1. Inside region 49-105, counting only strands (runs of 3 or more DSSP E) that do not spill past its ends, which hold 1 or more residues that are modelled with pLDDT under 90, among the aromatic types (F, W, Y) and over 17 Å from the mean Cα position of the chain (by Cα)?
2. Within the bounds of region 64-80, is there any residue that is touching a strand residue (DSSP E or B) at 6+ places or on another chain (Cβ under 7 Å), farther than 30 Å from N47 by Cβ and among the β-branched types (V, I, T)?
3. Within region 136-158, can you find the residues that are part of a strand (DSSP E or B) and surrounded by 18 or more Cβ atoms within 10 Å (Cβ to Cβ)?
4. Would you point out which residue out of L111, L140, L153, L83 is of a type in the set (A, V, I, L, M, F, W, C) and without any contact (Cβ under 8 Å) to a residue 24 or more places away in the chain?
5. Consider A12 carefully, then state whether it is out of contact with any strand residue (DSSP E or B) (no Cβ under 6 Å at 6 or more places or on another chain), surrounded by 10 or more Cβ atoms within 10 Å (Cβ to Cβ), modelled with pLDDT of 90 or more and hydrophobic (A, V, I, L, M, F, W, C).
Amino acid sequence: MVQAGSRRKRFAVIAIATALVAGGGGAAFAYWTATGQGQGTATTGSNFSVTSTETNLVGLSPDGVPQSVGFTVSNLAPASKMLDSVLVTVAWPDGRAWIDPETGCSSADYLVGAVDFPRRVIAAHDSVTGTVEVSMVDTLKNQDGCQGIAVPLHIVAS
């Protein structure tokens, strides 16, 4: 009889151990196979506003003296922002290459020089000024269409 009770005890211990391992393994298995997924988007803006202090370039002529154009970059954000670069091109307001449909004068007739601006952090609601030189290129063709025309500058601050 001692052996029969001992066998039952052994069987009970093995059964309990198996149940604990199986139960623990099941919990570990459920933990390690848990997955999740998702996606999201965010839209950011530069919060910079750019205005030019020059609205009319006068006196430009092919291979003539470059003119300095001033501009102001304002931080409209409620926090400080880093002004890393300012890019100036002769272009339409949306950045497309400019050509005057009536005269044929285009961005190819002008050269925008290096932009001079203070690369720095602009405090909330503060501004900095800079300049850029614009000149007219001698394209070795008739450029009469560019006489007296308003030349649009596209200024992007980032």
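The values are calculated or read from the model by the stated rules, or taken from the named source; none is laboratory data. Predicted model, so just to flag it, every value in this text is computed and none were measured. Here Cβ is always computed from backbone atoms with ideal geometry, including for glycine, and neighbour counts include all displayed protein chains.
1. It comes to none.
2. Initial filter on region 64-80 (touching a strand residue (DSSP E or B) at 6+ places or on another chain (Cβ under 7 Å)): 64, 66-76, 80.
Adding the requirement that they be farther than 30 Å from N47 by Cβ leaves 64, 66.
Keeping just the survivors that are among the β-branched types (V, I, T) gives none.
No; the residues of region 64-80 include none that is touching a strand residue (DSSP E or B) at 6+ places or on another chain (Cβ under 7 Å), farther than 30 Å from N47 by Cβ and among the β-branched types (V, I, T).
3. Going through region 136-158, the residues part of a strand (DSSP E or B) turn out to be 136, 153-157.
Listed by number, the residues that qualify are M136, L153, H154, I155, A157.
4. Working: L111 fails: without any contact (Cβ under 8 Å) to a residue 24 or more places away in the chain; L153 fails: without any contact (Cβ under 8 Å) to a residue 24 or more places away in the chain; L83 fails: without any contact (Cβ under 8 Å) to a residue 24 or more places away in the chain.
Of L111, L140, L153, L83, the one residue that is of a type in the set (A, V, I, L, M, F, W, C) and without any contact (Cβ under 8 Å) to a residue 24 or more places away in the chain is L140.
5. On the way: out of contact with any strand residue (DSSP E or B) (no Cβ under 6 Å at 6 or more places or on another chain): yes; surrounded by 10 or more Cβ atoms within 10 Å (Cβ to Cβ): yes; modelled with pLDDT of 90 or more: no; hydrophobic (A, V, I, L, M, F, W, C): yes.
The answer is no for A12.
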